1. Being of a type in the set (A, V, I, L, M) and in contact with a helix residue (DSSP H, G or I) (Cβ under 7 Å, 6 or more places away or on another chain) narrows it down to one residue among 56, 119, 61; which is it?
2. Name the residues in the range 31-41 that are part of a helix (DSSP H, G or I) and surrounded by fewer than 20 Cβ atoms within 10 Å (Cβ to Cβ), would you?
3. Would you mind listing the helices (runs of 4 or more DSSP H) fully within the range 99-202 where at least 2 residues are surrounded by 21 or more Cβ atoms within 10 Å (Cβ to Cβ) and modelled with pLDDT under 80?
4. Criterion first (modelled with pLDDT under 85 and either assigned to a helix (DSSP H, G or I) or closer than 25 Å to residue 227 by Cβ (or both)) does residue 95 satisfy it?
5. Select the helices (runs of 4 or more DSSP H) contained entirely in the range 217-287, then report the ones holding at least 1 residues which are free of Cβ contacts under 8 Å to residues at least 12 places away in the same chain.
6. Please list, ordered by first then second residue, the pairs with beta carbon atoms under 8 Å, 6 or more apart or interchain, first in the range 60-71 and of a type in the set (D, E, K, R), second in a helix (DSSP H, G or I) and surrounded by 12 or more Cβ atoms within 10 Å (Cβ to Cβ).
7. So residue 84 clears everything in (1) touching a Ser or Thr at 6+ places or on another chain (Cβ under 9 Å); (2) farther than 15 Å from residue 170 by Cβ; (3) not small (Gly, Ala, Ser) except one condition, right? Which one?
8. Restricting attention to the range 157-209, which residues are of a type in the set (Lys, Arg) and either free of Cβ contacts under 8 Å to residues at least 24 places away in the same chain or closer than 22 Å to residue 69 by Cα (or both)?
Amino acid sequence: MSNEASSHLEGRGRLQADGALALITAFWGITFVVVKGALGHGDPFSFLALRFGIGALALTAIARRDMLAPQTLRRGLMLGVFLFLGFALQTVGLVSTTPSRSAFITGLYVVFVPVLGLALFRKVPRLSSWVGVVLAALGLRYLTGAEVDAGQGLSRGDWLTLGCAVAYAFHIQLTERYAPKSGVVALVAVQLWVVSVLSVLCLPFAGARVEWVPSFLGAAAFCGLLASAVAICVQTWAQARTTAVRVALICSMEPVFAAVYSVALGYETLGPREWVGGGLIIAGVLVAELGAHLWGRLSARSA
């Protein structure tokens, strides 16, 4: 196969992966509304334990013995710990910070991903990716309306949420490194079990509070099967075919989709600041995508 044909197939695979990531990011956006309603009937760790337990059971029925492969167990355990830390630190951090600051600081994983890639794996992102990251970070600032005053300093909740962003960045980077071309279901199943078990272990310290109403159970099943089992499998499949920086940029559109759904359902209205923020995030993704596409074409011609 010629270099040009090989480059074309690789570029096509990346576009398919990026498209799949965009779809699950749009889907994740709607889970904000679902989870918000569920947490009115139960504490966060009970919800996480049930949500990820349901997803883990579903994937275990598919993966079966593949989960027991030593390499899958090691990698799934590591990825699961970072995934749990992201959810747990964000949840606990919300106790002493505002939702807007939490959303903004969590979204800073879009900045941490290329920094970690450079520090851990000596991977230097293209210039278009750095420009996209800066635009997305600015967009998150405007979209969330977060006021992070350097003179005021960060609260305990802000620091915990910053830890959440770092944990998500590690999860994205390590998923790119360990994502297999096949056997995705087994790897994700192990991760979901890790998150569920660690959530259960947190219950004695956080305090369990659950109303076993249909809306709570339905939200846990919806998020566990679709937003966790299916979506993380798609993410892992995609990360075997694209880069961690592109994943972070595409996933940074999650609050944009969440805002659109919230407006559509009548929960809020968007002002000029939110529209500017959403536009900057989308611009960041487009700059990174088009820059990578143009670079690929130039490289193919010069080869």
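1. Exactly one residue qualifies, and that residue is 56.
2. Once the filter is applied, which keeps residues that are part of a helix (DSSP H, G or I) and surrounded by fewer than 20 Cβ atoms within 10 Å (Cβ to Cβ), the range 31-41 yields 32, 33, 34, 35, 36, 37.
3. 99-106, 127-144
4. For residue 95, the condition - modelled with pLDDT under 85 and either assigned to a helix (DSSP H, G or I) or closer than 25 Å to residue 227 by Cβ (or both) - is met.
5. On the way: elements: 231-239, 244-251, 254-264.
Those helices (runs of 4 or more DSSP H) span 254-264.
6. 66/72; 66/185; 66/186
7. Failed condition: (2).
8. Those that are of a type in the set (Lys, Arg) and either free of Cβ contacts under 8 Å to residues at least 24 places away in the same chain or closer than 22 Å to residue 69 by Cα (or both): 177, 181.
The values are calculated or read from the model by the stated rules, or taken from the named source; none is laboratory data. Quantities reported herein were computed from a predicted structural model and do not represent experimental measurements. Ideal geometry is used to build each Cβ from the backbone, glycine not excepted, and the neighbour counts take in all protein chains shown.
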